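Presented below is the structure to which this report refers.
The values are calculated or read from the model by the stated rules, or taken from the named source; none is laboratory data. Nothing here was measured: the structure is a model prediction, and the numbers come from that model. In this analysis, Cβ positions are derived from the backbone assuming ideal geometry, glycine residues included, and neighbour counts consider all displayed protein chains.
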Amino acid sequence: MSDNPVDINPGANGGATPLLASATAAETRVPRGLAVAIDDFFLPDEARLDERTRIALAQLLRALIDTIEADIREQGAQLLSSRGESRLAASVLRTEVGVFERLFLSGLLRDSALMAELMARVRQDAITVALPMNAPEDPRRPSLVNRFVQDPDRALASGAMAVLVAESRRRGGPDVAQLTYTDLPAELHHRLVWWVSAALRERIGDVADGALPVLDRALSDAAQRSLAAYDEGGRLEAAAMRFAAAIDAPAGELPQLLVEALGDRRIVLFIALFAHALGVGYPLAREIVLDSADDRLWLALRALDLGRETIAHIGFALCEADPRRDVERFADRLDSIVAIPVEDARAAIAPLRLDSDYRAAMLALAGTRAVA
Amino acid sequence: MNAIDRALPVACGRLDREGRLIDAEPRLAELNQRAGGEPGAPLAVPQIATLARLAQRLGIAISRNVVAADGDDDLDLWIRAEPEEGGVRLEVSGWRQRPAWRATASEFEREGDFFRSAADWLWETDASLRITFLSIEAGDRYGFDSSTMLGQPLTRLFRLEQDESGNLPILDAVAAQAQFDGQKAEIRGTGRMARLAATPRSDPGGRFAGFVGATHMLEAPLPPEPGPDAPLPAPAAAFGGFPDSFSQRLDRALRGPLGKIIANADSISAQLDGPLKPDYAEYASDIANAGRHLLGLVEDLVDLQAIEREDFAISLEPLDLADVARRASGLLGVRAAQSEVRIDKPALDETLPATGEFRRALQVLVNLIGNAVRYSPPEAMVWIRLERDGDKACVIVADQGKGIALEDQARIFEKFGRVDDSEPGGSGLGLYIARRLARAMGGDLTVDSAPGMGARFVFSLPWRG
C-alpha cells in the first residue's frame, strides 16, 4: 500500500511545470512563513490564545459546521428525492469530503462577531469545568437550579427547568463531536447556514451536470427549512436570562445566588444573574466576567452593592477556574475594590447600561476622530 | 484504590495571624514535623500555608485539593481554611497516598472519561442525587421525557435493583464516596433495563458533590422480578465477561461501517467511476477483502456470544441434509471458481432426511465447504458425500489440501484454535462455532485426516426415519 501522492503523478513531463512553479512560490512563501512566526513570537502573552482554547475553538467550529452541513445535506437530499431527482439526492448525501476545510481556508470564518461568540463560548466552557464545586453542608439539600424546579411559582419552576434542558442540550451526548443544535445567536446561525449551503453547492455543483438550477433551489430550500426550525430562544444563554428575570433577585438574596451558582458550576446562570442585576445584556456581562484583565467586573460588583465577603468568594472562584487570573494579586486588591463607594461604581459603569448599538457607534466614531 | 478512606478522620489545626502553628491534631502535626516544622513556628507544608494565608487575606473560608510531599510519598489532601479570631482554622482530610508517577488528571476523572466514552447516554446529579444533567436525546430514544426528569431525584428516572447480596450498589457508593458499576435499574415506565455506572465528584473540601454517571442499556428485557422465596436465576454467562449488550453494540457499530468500506472499495476496484492505475484498483480490492474478513470476524463473535449463553436454543425442524449441502455448495460456487477448485456436490435426486435447524445446518456446511475450498490447491476437488450411519445422518466434506496433523485435530475445534497463524483468513472461531451448533442440534462434528492426505470432516445430525 502506498500513500505517496507522487504515485498518481502522470510522469516527469507533467510534474516539471508544477514543481518549477512551486519552487518559485517558495521564494515568497518562506519569508511570509517567517513573518507569521515572528508575529506569533512577539504577541503579548495576554493576547495570545492558549493551546487549550485554540484546540477547543477548532473543535467547536468544526462541530458547528459539520452539524449544519449534515442537516442541510439531509434536508436537501429529501427535497431532491421528493422532486424525483434521486441521482442528485445521492450526490448531496455523499459525505466523502465535508465543507469545513473549504470554509476554514476561505477566510469567511474570520468574522469578528462569529469568532467573538465562539471564543466566549469556549472560555465559558473551560471555566465551567474548572470552577471549584461547593458541596452543601447538608447533603440532602439540592443544588440551586434543582431547588427552583420544585418551586410552587410556575414561572420560576419552568424557568429553572428550561435552564437545565438547555444546558443538557448544549453539552450533548457521549459523542462530543456531535451537536444536536448549534445554540448560536440567530444571526450567526443564519450566516453559517448560508456559508455551508454555498460551499456545498460548490462541492456538488461539479457533478450536477446541468442540473445546477435544481440543486440551487434544493439547497436554498433546505437552508430555509433549517433556519425556520431554529429557535434562538432555546439557547442556554437565553434560557438563563429568562430565568434570572423570573427570579429578579432582591438585593438581599443576590449575593447568595451568585456565589451558589458558581459553586454549582453554573457559570452561564451566574453571568445571567449578574447581567440582569446590572441591567445589561448577556454578551456584555459575559465579556466582563470572562475577561481576566477586565476591571469592570469589580466595579460592577460594587455597583451592585456586594460586600467584601461576596466579592471575595466570586473572585476566589474565578481565580481558581482561570489560570490567567492571579489569586494573590486579587487578594492584594480586594481592600481597594471594597473601598469604592457604591455611588461612584454606579456612575462609572452607567455607560454600560446604554443601548449596545449606541455604545458601538460611539466607540466607532471615537476611533475615527484621530483620522479626521 | 478507589474509595476515599473515610476511616481517616479530618485533622484540624490552628494558625496564628503570622501563620505560626498554634496546635494541630496528630496527623497534621506529624506531617508538619516531617516537613521540618514545629509548633510555634510557621507551618512547613507550603501548600497548606499558602491557602491559610489566602483565607486570612480574603476573609472567607476557602478550600483546595492539594498534593503535598510527605517523605518519599505524595499525599492527596483536601484543605479547608477558615479565618477566625486571632488566626486561621484548618481542616485537612483525604490523606490518600498518591503514586508519584501519576498524571495530573485525577484517577476518577480519567476512569470516568473511559467508562463514559462507551456509554449509551450520560447523567449527572448533585449531592442530593437529583439530576442536574442528562443526555437530552436519550429520552426520545428510550421512551421517557428527558425534560421532566431534570431536577428530579435519580430514583424518579430509574427504579434501582438490588444486587445478589441485597444491596444497592449506588447507596454503598454514596456512603463510601466511591465509584460504582453494575447498578441495575429499570427506566421507569419503559420496561427497559440499564446498567448504571458512576464516579463521585468532590468539592475541594472533600465533601461529596454528586455523581457523574453513565447508562449502558441492556437490550434484552429482564425476566419478571422473582418472588421473595423464588431462587435467584443464574446469571446468563456472558462471553469473555462482556455484557450481552457488548456484542450487540459491536455488531451495530461495526457491521454498517464495514459494509460501507467494502462496498466503496469494491466499486473503486471495479473502476465504476472511470479508469484507475492497476495497482490502485488492486489496493481497493485488498481493502474490500480485509473488510470482508473483519465482517466475518464480527459475525463470528456475535454468534459466539449467542451460543455461549446458557439459554441458547435451537428450534428443531425436519430438513433434508442433501438439500442443505447442495445450497451450501451453491453459495460457495463463485469462490470455488475463483480459486479454481471444483465442488462435487450431491446429485439433485439424493435426499437425506434429518432433524435440525435449517439455518444453523447451512451455517455449519458453509463453514466446512468454505474451509475446504480455502485450503485446496488449484485444480483440486472438494467432495461432498452423504451417508446414513445407524440413527445418524452424515455429510462428509473432504478436500485435497495439506491435511491436519493428528495432534492438531483437537485444537482446530477450540476457540481461536488455528493450526497455522500465518495462514490468511479465518478468525479461528468458525469450527468452534460449527461444532457447538452441531452438538446443540443433537449431532456432532468430527475430523479425520493425515498430513498430505487432505482433511475429511463429518457433520452428523439425528436421522429422521
(request) Name the one entry in B:347, B:354 that is crowded, with 21+ Cβ neighbours inside 10 Å and either out of contact with any Asp or Glu (no Cβ under 6 Å at 6 or more places or on another chain) or in a loop (DSSP other than H, G, I, E, B) (or both). (result) B:354
(request) Identify, from the list A:289, A:327, the residue that is more than 30 Å from residue A:184 (Cα to Cα), surrounded by 12 or more Cβ atoms within 10 Å (Cβ to Cβ), β-branched (Val, Ile, Thr) and free of Cβ contacts under 8 Å to residues at least 60 places away in the same chain. (result) A:327
(message) When the residues of the range B:181-190 are narrowed to those that are outside any loop (DSSP other than H, G, I, E, B) and at pLDDT 85 or above, which ends up surrounded by the most Cβ atoms within 10 Å (Cβ to Cβ)?
(response) B:183
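Criterion first (in a helix (DSSP H, G or I) and within 14 Å of another protein chain (Cβ to nearest Cβ)) does residue A:328 satisfy it? Break it down stepwise before answering.
Details: in a helix (DSSP H, G or I): yes; within 14 Å of another protein chain (Cβ to nearest Cβ): yes.
Yes; evaluated as a whole, the condition is true for this residue.
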(message) Let me spell it out: the conditions are (1) over 33 Å from the mean Cα position of the chain (by Cα); (2) farther than 30 Å from residue B:286 by Cβ; (3) surrounded by 15 or more Cβ atoms within 10 Å (Cβ to Cβ); (4) in contact (Cβ under 8 Å) with a residue 60 or more places away in the chain, and residue B:397 meets all of them except one. Which number is the exception?
(response) (2)
(request) Could you check how many residues of the range B:135-162 are outside any helix (DSSP H, G or I), under 14 Å from residue A:167 (Cβ atoms) and at pLDDT below 90? (result) 2
(request) Scan the range A:297-315 and give yes if some residue there is more than 14 Å from every other protein chain (Cβ to nearest Cβ) and small (Gly, Ala, Ser), otherwise no. (result) yes
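Table: residues versus (1) more than 18 Å from the chain's Cα centre (by Cα); (2) among the β-branched types (Val, Ile, Thr); (3) surrounded by fewer than 17 Cβ atoms within 10 Å (Cβ to Cβ); (4) not assigned by TED's automatic domain parsing to the domain that holds residue A:100.
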residue	(1), (2), (3), (4)
A:135	yes, no, no, no
A:138	yes, no, yes, no
A:142	yes, no, no, no
A:145	yes, yes, no, no
A:156	yes, no, no, no
A:197	yes, no, no, no
A:200	yes, no, no, no
A:213	yes, no, yes, no
(request) Considering each residue of the range A:138-166, count those that are charged (D, E, K, R), out of contact with any Ser or Thr (no Cβ under 8 Å at 6 or more places or on another chain) and closer than 18 Å to residue A:258 by Cα, and give that number. (result) 1
(request) Say whether the condition of being touching a Leu at 6+ places or on another chain (Cβ under 6 Å), surrounded by 16 or more Cβ atoms within 10 Å (Cβ to Cβ) and either assigned to a strand (DSSP E or B) or assigned by TED's automatic domain parsing to the domain that holds residue B:291 (or both) is met by at least one residue in the range B:418-438. (result) no
